1. Which numbered condition in (1) under 12 Å from the mean Cα position of the chain (by Cα); (2) among the aliphatic types (A, V, I, L, M); (3) crowded, with 17+ Cβ neighbours inside 10 Å is the only one that A44 fails?
2. Every residue in the range 57-101 that is under 18 Å from S2 (Cβ atoms), in contact with an Asp or Glu (Cβ under 7 Å, 6 or more places away or on another chain) and of a type in the set (D, E, K, R), please.
3. Which residue pairs have Cβ atoms closer than 6 Å, lie 6 or more positions apart in sequence or on different chains, and pair a first residue in the range 40-56 that is assigned to a strand (DSSP E or B) with a second residue that is among the β-branched types (V, I, T)?
4. Those residues that are of a type in the set (F, W, Y) and either in contact with a Pro (Cβ under 8 Å, 6 or more places away or on another chain) or buried (at least 16 other Cβ atoms within 10 Å of the Cβ) (or both), I need them from the range 47-101; list them, please.
5. Against the condition within 15 Å of S2 (Cα to Cα), touching an Asp or Glu at 6+ places or on another chain (Cβ under 8 Å), surrounded by 15 or more Cβ atoms within 10 Å (Cβ to Cβ) and of a type in the set (A, V, I, L, M), how does I104 come out, does it pass?
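Just so you know, all these numbers are worked out from the coordinates, no wet-lab data involved. This structure is a prediction, so every number in the text was calculated from the model and none was measured. Cβ: placed from backbone, ideal geometry, glycine included. Neighbour counts: every protein chain shown.
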Amino acid sequence: MSTQQIGGVTVTTQANVYFDGKCVSHGITLADGTKKSVGVILPATLTFNTGAPEIMECVAGACEYKLAGSEVWVRSGAGERFSVPGNSRFEIRVPAGVEAYHYICHFG
């Protein structure tokens, strides 16, 4: 089951807008200092680089992703997660004509 709410957070009100608006997110900080981002990816194929390890949690919609060094696209839908190593990259695609991919990015 996907996360429906995150309580007790500080939200960065200015959005992070990437790839000409195809990805929009807001940073959040939990009371214990843990940082996450909450956002949406519209239909597109995008490549992200990571510094720290990340866990991408789908809260609505779906995407396909491909980790660095892999040629295999893997589907991730609502309630599912996938992990991306630190200092790496991944490709993510949301096909045209489908619901946007709504996510929480858990930084590790």
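1. Every listed condition holds for A44 apart from (1).
2. Scanning the range 57-101 gives R75, R81.
3. Listed pairs, sorted by first residue: V40/V24; I41/V94; L46/I92; E54/V84.
4. F48, Y65, F82, F90, Y101 - these are the residues of the range 47-101 that are of a type in the set (F, W, Y) and either in contact with a Pro (Cβ under 8 Å, 6 or more places away or on another chain) or buried (at least 16 other Cβ atoms within 10 Å of the Cβ) (or both).
5. Here the answer is yes, as I104 does meet what is asked.
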